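Everything below concerns the one structure shown next.
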Amino acid sequence: PRRSGILLHPSSLPGPFGIGDMGPEALRFIDWLAEAGQGVWQVLPLGPTGYGDSPYAPFSTFAGNELLISPELLVRDGLLEPSEADAARLPATGRVDYGPPIRKKKEVVRLAAGRVAADTRHHARFAAFRRDNAAWLGDYALFVDIKEEYDGRAAASGIANSAWNACWPEPLARRSPAALAERHERRAGKLALVEAGQYLFRTQWDALRRAAAAKGIKILGDLPIFVAMDSADAWAHPELFALDASGQPTEVAGVPPDYFAADGQ
């Protein structure tokens, strides 16, 4: 059957935290779609974005963007205190400078993620999530942890390219088993925080999908998918991509010249 709907990325929803998320405003939007006789909510990719914040160049094709996690729902679920969520709220000026809200939201998400392992209500579900997503989750956690360390060093040194194949130490960039094992042991707590953040994203996303289904709203993804070179996917599985010995792409997919870019994308 034919359906009509709306294209809206969750980050564009209104709210007090500067970046729209999967909380109360998302549920209100679903209610509005149903009341308006719409049947589809089309979203753009929801992955964690890198430089330029493009959802089409995410750090992972499997992970979710932690900035879409709702602090209000974390309070409801007992993983944040109301005062802790309030620390991520913005003044109601009508304008957003995205640097501060990104930092604030990441801080409250990591705070809640640190409590997942200590909350008996989440033990079984978190363990199941880690088991069911083992094919990508561990590599993504390592990628994020290493990137947070060496991207900052690259920026401080004036290195323009902060991708894994340009600024990481070679044993990590080339995935030396010994280097990865040492990193995993030394940074186990930090890696668990990244994995718990992904668990929180998936928990809220699944709940949002159920709410949409209950209202007869189908969530539609986006057909184009681009695996970024600077991603956990390319780093963990370089054999699947056209990369040279140094990890640089020898061919890059894209879009021919069009309405948006005379030279293509």
Next item on the list: Write out, first by first residue and then by second, each pair whose Cβ atoms fall under 6 Å of each other, whose residues are 6+ apart or on separate chains, and whose first residue, in the stretch 236-255, is closer than 16 Å to A166 by Cβ and of a type in the set (D, E) while the second is open to solvent by 60 Å² or more (accessible area, probe 1.4 Å) and at pLDDT 85 or above.
Entry: D244/T250
Checklist line | Residue under evaluation P55, criteria (1) surrounded by 19 or more Cβ atoms within 10 Å (Cβ to Cβ); (2) closer than 22 Å to V109 by Cα; (3) not polar (S, T, N, Q), criterion not met | finding: (1)
Check: So which residues in the stretch 58-91 are free of Cβ contacts under 8 Å to residues at least 60 places away in the same chain, outside any helix (DSSP H, G or I) and more than 13 Å from L111 (Cα to Cα)?
Finding: D77, P91
Check: Within the stretch 236-249, how many residues are within 23 Å of the chain's Cα centre (by Cα) and part of a loop (DSSP other than H, G, I, E, B)?
Finding: 2
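A quick yes/no check of all residues on (1) assigned to a loop (DSSP other than H, G, I, E, B); (2) surrounded by fewer than 13 Cβ atoms within 10 Å (Cβ to Cβ); (3) basic (K, R):
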| position | (1), (2), (3) |
| --- | --- |
| A166 | no, no, no |
| A179 | no, no, no |
| A196 | no, no, no |
| I219 | no, no, no |
| V227 | yes, no, no |
| A234 | no, no, no |
| E251 | yes, yes, no |
| Y259 | yes, yes, no |
Margin query: Checking E148 against (1) open to solvent by 30 Å² or more (accessible area, probe 1.4 Å); (2) of a type in the set (D, E, K, R); (3) modelled with pLDDT of 95 or more; (4) more than 20 Å from Q248 (Cα to Cα): exactly one of these is not met. Which one?
Written below: (3)
Checklist line | Residue check for A261: among the small types (G, A, S) and modelled with pLDDT of 85 or more | finding: yes
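The values are calculated or read from the model by the stated rules, or taken from the named source; none is laboratory data. If you're wondering where the values come from, they're calculated on a predicted model, not measured in any experiment. Please note: Cβ atoms are built from the backbone with ideal geometry, for glycine as well, and neighbour counts cover all protein chains shown. The protein model used for the area step is the full one, side chains on, heavy atoms only, and it has no ligands, DNA or RNA in it. Shrake-Rupley method; radii C 1.70, N 1.55, O 1.52, S 1.80 Å.
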